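Undergrad: Have a look at this one before I ask anything.
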Amino acid sequence: MSENTVQSELIHERGHEAMADAHLQEAYRSSTLRLLSQRLQAKSEVPGFERLRERAHELKREVIEHLDRYVEQFASNAERRGGVVHWAATGEEACAIVCGIVERAGAKEVVKAKTMLGEEIELNHALEAAGIRAVETDLGEFIVQLAGERPAHIVAPAMHKTRHDVSELFAANIGSERTEEPERLTAIARQALREMFRKARAGLSGANFAVAETGAVVVIENEGNIRFSTTAPRVHIALVGIEKIIPRFADLGIFLRLLGRSGTGQKLTSYTSFLSGPRRNGEDGPEEMHVVLVDNGRTHALADQKMREALYCIRCGACLNACPVYRKIGGHAYGWVYSGPIGALITPEFVGLKQARELPFASSLCGACREVCPVKINIPDLLLHLRGRAQEQTPAPKPKRSPIAERTAMRVWAWVMQRPWAFALGARLSRAGLRFFSQQGWIRKFPYFPLAAWTDGRDFPMLAAKPFRKRWKELHRH
């Protein structure tokens, strides 16, 4: 990993830039709202959805608590089925292993299915340095590769791009016609990629799950490109983070029912593939299958008893869609491959708090991420834990003395809070004054400083018509 790879310390500056970009704001707003609404609908159609979440949590806890045993079991069964298992402690080792396999296969191109682990270890840069062309075949990844950008979302890499953006990008890089019809844009990408599937001698995928009991790698998708990438080339390489292990084949049904619904609102993704070894007589598929098991900071998270829970993540992206911070600042503001609430947890674990100190603080701790997580990771609690570690290990610079206006306001506030009559009077006056600025229960813009600074980045809720003190007295009377 290069020194300039992680730029999480710039989250505040990049966040402000994103919030000032109306085009970007609309792209994130519409996309996250659609995915979140689809998840709610899909969840409502599953009886016992909460029991599924609880069972998935327990299964992931079982694996992570005994990860050494389950990883060994998976590796043994994968080799028994004819696969070749490689072990990589770091991203650099994983890249070297992949480049070596591709070179031995005599391949000059690699068709790549979507893999966040590949993004994490900067595999494309390593392949390019070795003289090997990496071709992203997932539509979203293909778009961001043409744009020279990182994915903006775990599930939807090109979430920040509108149809107009994609049309312009294709016209500039592929020479295609300009169109904003999704079907036509997809056809353009398909035509550009089809020849690569035919001639590539090596294909690479990630893994959604790796089943310890059978040694099978499980990948899910909606486009069909993963099946091309893993079966058409002579050699298939699967990059597998060691936390992707699940114990048994019977457990897979639980995770598949949760992942599709949580990520995209689907009952099940269009394609679910089970990859276990090279092809056998009478089968399609690669002549060789290599599985690269990658640590790259995962055992660092494992060493912290509290942070182990972050490794339960199944990369559905639901926490990003629900997070009010992510939805405003976007994925690139987080400064690395993983964004949103889960990125704020695993980035400091994988790259160190020194490089990613600001991320745990980029959260309102509202709990929306915890409510939607399919494996019930207590993300707010873990963020607080990381904040404590950050303060201990890398204290923030001592703040400058507050401006006199701020100090005066705090003194007035303290005086009011110590006098119930003053607080009640102030609330009544505020409620009356705010009516002049409210629309449908919200204040979109304050015209005066300092309150105007608040509404530059967020709406302000109108005070309740009936104050809590009055409601509390009524409750006691009844």
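Undergrad: If you stretched the chain out fully between Glu283 and Thr394, how much longer would it get, using 0.36 nm times the residue separation minus the C-alpha to C-alpha distance?
TA: 34.4 nm
Undergrad: Taking the structure as given and computing P(r) over Cα pairs in 10 Å bins from 0, in percent, which label from (i) 4, 17, 27, 25, 14, 7, 4, 1, 0; (ii) 4, 17, 27, 27, 17, 6, 1, 0; (iii) 4, 20, 32, 29, 13, 2, 0 fits?
TA: Label of the calculated value: (i).
Undergrad: Right, here's the next one. Once you keep just the Cα pairs under 8 angstrom separated by 6 or more residues, what percentage relative contact order results for the stretch 8-299?
TA: 27
Undergrad: Moving on to the next point. Write down the percent of antiparallel bridges among all DSSP beta bridges whose residues are both part of the chain, to the nearest 5.
TA: Given both bridge residues lie in the chain, the antiparallel proportion sits at roughly 30 percent.
Undergrad: For helix 404-417, report the angle its Cα long axis makes with the longest principal axis of the Cα atoms of the chain; keep it between 0 and 90° and round to the nearest 10°.
TA: Relative to the chain, helix 404-417 is tipped by roughly 70 degrees.
Undergrad: Now, a different point. May I ask you to compute the full-extension gain from Ala427 to Arg411, defined as 0.36 nm times their residue separation minus their alpha-carbon distance, rounded to one decimal in nm?
TA: 4.0 nm
Undergrad: Give, rounded to the nearest 20 debye, the magnitude of the charge dipole that the stretch 246-292 has about its Cα centre when Lys and Arg contribute +1 at Cβ and Asp and Glu contribute -1 at Cβ.
TA: 360
Undergrad: Is the stretch 214-256 best put as rounded, prolate or oblate by its Cα gyration tensor, with a ≥ b ≥ c the root eigenvalues, rounded for a/c under 1.5, and otherwise prolate when a/b is larger than b/c, oblate when not? Walk me through the numbers before you get to the answer.
TA: Working: a/c = 2.34, a/b = 1.60, b/c = 1.46.
It comes out prolate by the Cα gyration axes.
Undergrad: Here's something else I'd like to know. Taking the alpha-carbon distance from Lys199 and a cut-off under 26 Å, which lysines remain once sequence neighbours fewer than 8 residues away in the same chain are dropped?
TA: Within the straight-line cut-off, Lys199 pairs with Lys108, Lys112, Lys114.
Undergrad: Equivalent-ellipsoid semi-axes (√(5λ), Cα gyration tensor) for the stretch 33-175, whole Å, largest first?
TA: So the three semi-axes of the stretch 33-175 are 31, 29, 12 Å.
Undergrad: Another question, if that's okay. Which of the aspartates and glutamates could a cross-linker bridge to Lys267, judged by Cα under 14 Å and excluding same-chain residues fewer than eight apart?
TA: Lys267 reaches Glu45, Glu221.
Undergrad: Which residues among the stretch 201-221 fall inside the zone where the amide N is under 20 Å from a point 7 Å beyond the Cα of Arg81, along Cα→Cβ?
TA: Within reach of a label on Arg81: 203-221.
Undergrad: Another question about this same structure. Taking 22 Å as R0, compute the FRET efficiency from the Cβ-Cβ separation of Arg178 and His23 and round it to 0.05. Before the final figure, lay out the partial values.
TA: Numbers: r = 18 Å, r/R0 = 0.80.
Using R0 = 22 Å, I get an efficiency of 0.80.
Undergrad: Then there is this: To the nearest 10 degrees, how steep is helix 468-477 against the longest Cα principal axis of the chain, on a 0 to 90 scale?
TA: The answer is roughly 80 degrees.
Undergrad: Work out how much length Arg234 to Lys306 would gain on full extension: take 0.36 nm times their residue separation and subtract the Cα-Cα distance, in nm to one decimal.
TA: Here the answer is 21.6 nm.
Each value in this text was obtained by applying a stated rule to the coordinates, not by laboratory testing. Fair warning: this is a prediction, and the values are worked out from it, not measured in the lab. Cβ sites come from the backbone with ideal geometry, for glycine too, and all protein chains shown count toward neighbours.
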